[in-house]
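Let me begin by presenting the structure, written as structure tokens, before commenting on it.
A short reminder: the numbers here are calculations on the coordinates, not readings from a lab. Values in this document were obtained by computation on a predicted structure and should not be read as measured data. Cβ placement follows ideal geometry from the backbone for every residue including glycine, while neighbour counts extend to all protein chains displayed.
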Amino acid sequence: MTESLAEIRAVGFDLDGTLIDTLPDLGTALNGMLARLHHAQLSEEMIRTLVGDGAESLVERALAAGRRPHAPEPSVREALTLFKGMYARRLFSRSRIYPEVIPTLRTLADAGLSLCCITNKDETLAQPLMREAALEGYFEFTIGTRTREDRKPGPAMLLRACGRLGIEPPQMLYVGDSTVDLQAARAAGCRAVAVSYGYDGRIRSGGGAPEALLAGFDEVARLAGLLQPGRTSRS
């Protein structure tokens, strides 16, 4: 990153595929829903490609991918209710926090930065997940979707986060794993970097044009020296 990051006062993070590998528990709930509705089961690789735009989009895509010929077509609302109920019971059973997340969050907090989580996950699922994963205490707050209009790539949630923190959008660095995350950050006027280990394969092939592509979460800590108030980037 060649521009100064001295003005950064906060770091926002995506959740699924950035802070936590949620795919195992998402997959269990999604396949449980599909089985109940007499749809075909989906592989983890397939489910990986469906994640990122919120629960409603995930369910819609899973229903389309798993539909058997001549099977009755359930309503998305029915399927969504079923999925949310199954997922809420096992939010953090097989999911795991990515390596280096906790020490990196401590480093950023020690640098005087405010931290928040901004995710397309339904807020009624995101906040309990952060509590169950024991990550809640590292963040000022977690913002998730309440309506379809909230969802990234729209800027609404990032702008709401900036307002709650009392900062201007250029004073937030957003860290995500998808082109949707990067689009949302740019739409809001925030700075944006991406981790390469997440769910959106387009990032690894150059999609989204992040300001920096990070191979591991600990590389955010490497940036922490640039993010301290009053410091100037040398990169």
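Below, the figures for the structure above:
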read-out	value
C-alpha center-to-center spacing [region 1-60, region 133-187] in angstrom	15 Å
Over the chain: helical MRE at 222 nm, DSSP H runs n ≥ 4 each giving -39500 (n - 2.57), nearest 500	-12500 deg cm²/dmol
In Hz, Karplus ³J(HN,Hα) per residue of region 63-76 (6.51, -1.76, 1.60; θ = phi - 60°; x = Gly, Pro)	4, 5, 6, x, 5, 8, x, 6, 6, x, 9, x, 6, 4
Label-point separation in nm, residue 110 to residue 81, each point 7 Å along Cα→Cβ	5.0 nm
Region 42-81: radius of gyration and largest Cα-Cα distance (Dmax), Å	10.3, 29
Rounded to 10°, Cα long-axis angle of helix 123-132 versus longest principal axis of the chain	70 degrees
Chain lengthening between residue 131 and residue 89 when straightened (0.36 nm per residue, less Cα-Cα)	13.8 nm
Overall Cα dimensions of the chain - principal axes, largest extent first, Å	63, 33, 31
Highest-MSF residue in the chain out of 110, 25, 181 [GNM, Cα springs under 10 Å]	110
Separation of alpha-carbon centers, region 67-94 and region 194-211, rounded to whole Å	28 Å
Over region 100-143, volume per residue of the alpha carbon convex hull, in Å³	66 Å³
Phi to ³J(HN,Hα) by Karplus 6.51 cos²θ - 1.76 cosθ + 1.60 over region 82-92, Hz, x for Gly, Pro	5, 4, 4, x, 5, 5, 4, 7, 9, 6, 9
For region 116-167, alpha-carbon Rg and Dmax in angstrom	10.8, 29
Burial ordering of 180, 76, 195, 220, fewest other beta-carbon atoms within 10 Å first	76, 180, 220, 195
Cα-only Debye scattering, region 23-89: base-10 log of I(q)/I(0) at q = 0.15, 0.19, 0.25 Å⁻¹	-0.37, -0.61, -1.12
Contour minus Cα-Cα distance for residue 141 and residue 97 (0.36 nm per residue)	14.1 nm
Ordering of 117-125, 66-74 by burial proxy (mean other Cβ atoms within 10 Å per residue, highest first)	117-125, 66-74
Alpha carbon convex hull of region 55-163, projected area averaged over orientations, nm²	8.5 nm²
Where the Cα pairs of region 67-131 fall when distances are cut into 10 Å bins, in %	15, 34, 27, 15, 7, 2
